[in-house]
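The values are calculated or read from the model by the stated rules, or taken from the named source; none is laboratory data. Quick caveat, the model's predicted, so the values are computed rather than measured. Every residue, glycine among them, receives a Cβ derived from its backbone with ideal geometry; neighbour counts consider all protein chains shown. Ligands, DNA and RNA are excluded from the accessible area calculation, which covers all protein heavy atoms including side chains. Shrake-Rupley method; radii C 1.70, N 1.55, O 1.52, S 1.80 Å.
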Amino acid sequence: MHIQENLTIQQKLEILSDAAKYDVACTSSGVDRQGDGKSMGNSVASGICHTFSADGRCISLLKILFTNECIFDCKYCINRASNDVPRTSFTPEEVCSLTMEFYRRNYIEGLFLSSGILKNPNYTMDLIYQTIYQLRMVHQFNGYIHVKTIPGADPELVDRVGWLADRMSVNLELPTADGLKMLAPNKNRKNILRPMKQIQNEIYQNRQQLGLPNRQILLPKKENGLIQTKEQGMIATGLNNKELSMQHKENALRVKRLSSVQMKKGDRTFVPAGQSTQMIIGATPENDYELVSVAEALYRNFNLKRVFYSAFIRVNDDALLPTIPGGPPLLREHRLYQADWLMRYYGFESKELLSEQQPNFNVLLDPKCDWALRNLHLFPVEINKADYYTLLRVPGIGVKSAKRIMDARRHAKLDFHDLKKIGVVLKRAMYFITCNGKNMYPMKFNENFITNQLTALEDKIVLGLEENTTYQQLSLFDVKNFNMALKA
Ligand code: SF4
């Protein structure tokens, strides 16, 4: 191991921000906290914290490793113990200083802190704890902090970090225990799932104490026209969207009030932005059906906020790693994210999207169109009569447009012109809907015809994805004034 000594903070930053670029689990949604006039920074539940590079990676956070030294030897990782790469570590004070300076200059909106394993998991987790403790308590940093949990760290340390961080994540790394054993021999499922369960339980208990709802992440399935949620009881579908949205607003305000009161007291809520995880795809032979089923189980059993997918990049020459001729499987990653969206917001289950007979996503069509074409007997849907959850299943109709349709048709019958104004993507939806019993154009309602039309449309999107996607994280060092900022 080649440990660099006497490096400047900028040299360390170059090494440790570059070493963090393969971690994709770093979005920052979920916390709405205003500045209080005494501490530095704020965090907004949506909008300003969401900045993504062209390849979909989040760049609005200072994304660094505490150290790229590591005692583990995960085959897929550039920082594995057996690699001969320059190694270095920050001190807690250096991470605090960088975060505060970048925040002041508006380069970042928060911190994403992960780490290799220095000496042992507890030693590393304790350094991470010291870092964010100083940030919150000494520097009064009130911005967003996402911390990666070190597998195998003591639950006491996980607990301490959880009271200071906004989001925590524990990477599942590979979808099966066998894959983990083969490519990450120092890790095991127990060390990954145990902190995940601990974080879930503590979030649940803390929200219970504060009188806040513990919502399920996945949209539950409709039964007999009603939706059953764990915490909220029976909610009538479609017709009470307004009530639901009022309830969400009230809850958001309540969280905001509690958070700001608690910050003043030096107290905090436990992991208020929830937890996430990441799976590498393409390094082991699991199919898409297995991947989305694992993701679904994680959402259900651990109430994760997000499951991220990271297309495998072969950074090490190792006989156990596959060679992927076309490069990282970006289209596959894209399809998995589309399916993830369908499961979280549209009420789809993994077994509706794929099956053992059809275990991988269609490369030519997005998962929703593909599902619709396999279920043509459910279409066309009459826009002026269908319930909210049926509308959600129509290609080209999203959550917003389905809600708008439900609201607008209370006042008048809708036609295609109205749908366009509402935001429905008619070039997809027109094959699957009628307005007042009529199609948009006279057309054949058969699978071949619709498939041909939709694949022509999708070709352009896929081409754009492949052409525009680079597999590089934007670098802090692209910022022209970066050096000046460090010297200041
Ligand atoms: S624990 Fe594994 S994945 Fe994490 S830094 Fe070490 S070698 Fe890489």
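The loop-placed trypsin sites (Lys or Arg not before Pro) in the range 323-395, going by DSSP, that have at most 14 neighbouring Cβ atoms within 10 Å of their Cβ come out as Lys385.
Per residue, the range 170-214 exposes 47 Å² of accessible surface when a 1.4 Å probe is rolled over the protein heavy atoms with every protein chain present. Please work out the FRET efficiency for the pair Arg300 and Leu426, using the Cβ-Cβ distance as r and a Förster radius of 56 Å; give the result to the nearest 0.05. Rounded to the nearest 0.05, the efficiency is 0.95.
Approximating the spin labels as points 7 Å out from Cα along Cα→Cβ, the Leu320-to-Asn448 distance works out to 5.0 nm. Distances between placed amide hydrogens fall under 5 Å for Leu111 paired with Leu62, Tyr144, Ile145, His146, all partners being 5 or more residues away or on another chain.
Computed from the alpha carbon atoms alone, the convex hull of the range 148-205 holds 75 Å³ per residue.
Taking 0.36 nm per residue of separation and subtracting the Cα-Cα distance, full extension of the segment from Gln130 to Glu382 would add 84.9 nm. The GluC sites (Glu not before Pro) of the range 314-382 that meet both conditions, a loop assignment by DSSP and at most 11 other Cβ atoms within 10 Å of the site Cβ, are Glu356. Using Cβ point charges alone (K and R +1, D and E -1), the dipole size of the range 361-424 about the Cα centre works out to roughly 220 debye. Spin-label model, Val138/Ser355: points 7 Å from Cα along the beta carbon direction are separated by 6.0 nm. Among the listed pairs Lys12/Lys181; Lys63/Lys400; Lys63/Lys187, those with a Cα-Cα distance over 26 Å are Lys12/Lys181; Lys63/Lys400. For the range 62-154, a simple Cβ point-charge model (Lys and Arg +1, Asp and Glu -1, everything else neutral) yields a dipole of about 200 debye relative to the Cα centre.
Each part gets one Cα centre, and for the range 376-438 versus the range 119-166 those centres are 47 Å apart.
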